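Colleague: First the structure, then my questions, so here it is.
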Amino acid sequence: MLFGLEDRQWIFIATVVFAITFILGTYSVLKLQRKTASVYTLGLVTFGWVLQTIGLYARGLEYGGCPLANNFELVQFTVWSAIVLYIFVGPAFRVSLLGVLTSGFAAALSILSLTFPGWDSGSREAIFGDNPWIETHAALALFSYGVFGIQALISGMYLSQSRSLKTKELGGLFRFMPSIVELLRINQRLLLIGLVILTVSLGIGRVHWADENTTVDALKLTATIAVWVAYGIIYFLRVRKVLSSKRFAWTSIAVFAIALLSLEAVSSDTPPTEPPAATSIENELR
């Protein structure tokens, strides 16, 4: 508990803020209030991120480390990472619609994680022991997933922009997005950033496993390497221009969806405990 609220309550309030941001942002977009949407979207998303950070920090105090022990925490950390990228890097891309989509992404995944109490069934103990390197490895791996999440959003924007140009429907969301050339450039840069972060994560893990002669969980390692290889192939094929722009976008979205499903494997060996008292989102603030 921190400041009188449980960690899940902080996260629940943050989820509400993300949902409100998405609704208000969508309304502003439909009303073509571009500047208004950009300003308060960034402010509200940042506020929600602060609330979520407090919740994750409160949970981390119980663990004595980074909370990455179960599906709920893995999804929340992925959401947290995506929002960090948007807050500190997103404005540089000058994509006003990105904040609205990021808030929708954060709200959807957060609601999903809060809806299933069984996802939050991990033990409140430090799962990495006293080794900061393995904790860093896990945190960086999840952070790269957040980057890939933003990249998937940009891919969706590219596909929407491409369709608008093809059908000559140049109103609505079209006015809030940069050119497809710029979206493609941003997409490729984000993929490279995510790949670099995930490569560093695997490198840190590899060094630790070699030095400590530690047994590696085969399912976790296979799932993480599979995601790394998949994104590596996508990037290579795109750089070599084997993969068309449209297929690049669709493949990025598909691989990210698979990467989210692989989180089940990453948390599969966490020992189960009694689920939290809350049984649905409506119970979070009781």
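Colleague: When you count, for each residue, the other Cβ atoms within 10 Å and take the mean per peptide, how do 159-167, 178-186, 139-147, 16-24 rank with the highest first? Working shown, then result.
Modeller: Working: 159-167: 14.7, 178-186: 17.3, 139-147: 23.7, 16-24: 20.3.
Those peptides, ordered most packed to least, come out 139-147, 16-24, 178-186, 159-167.
Colleague: To the nearest 10 square angstrom, how much accessible area does Lys246 have with a 1.4 angstrom probe?
Modeller: Using a 1.4 Å probe on the heavy atoms, I get roughly 110 Å².
Colleague: Near Lys31, which lysines are there with a Cα under 22 Å away, not counting those fewer than 8 places off in the same chain?
Modeller: Cross-link targets: Lys168.
Colleague: A further question follows. Residues with amide H under 5 Å of Ser121's amide H, sequence separation 5 or more or different chain, H placed in the peptide plane at 1.01 Å from N; which?
Modeller: Long-range HN contacts for Ser121: Asn71, Phe72.
The values are calculated or read from the model by the stated rules, or taken from the named source; none is laboratory data. Everything quoted here is computed from the prediction, not taken from an experiment. Glycine gets a Cβ as well: all are built from the backbone with ideal geometry, and neighbour counts include every protein chain shown. Protein only, heavy atoms only, side chains kept; ligands, DNA and RNA dropped before computing areas. Shrake-Rupley method; radii C 1.70, N 1.55, O 1.52, S 1.80 Å.
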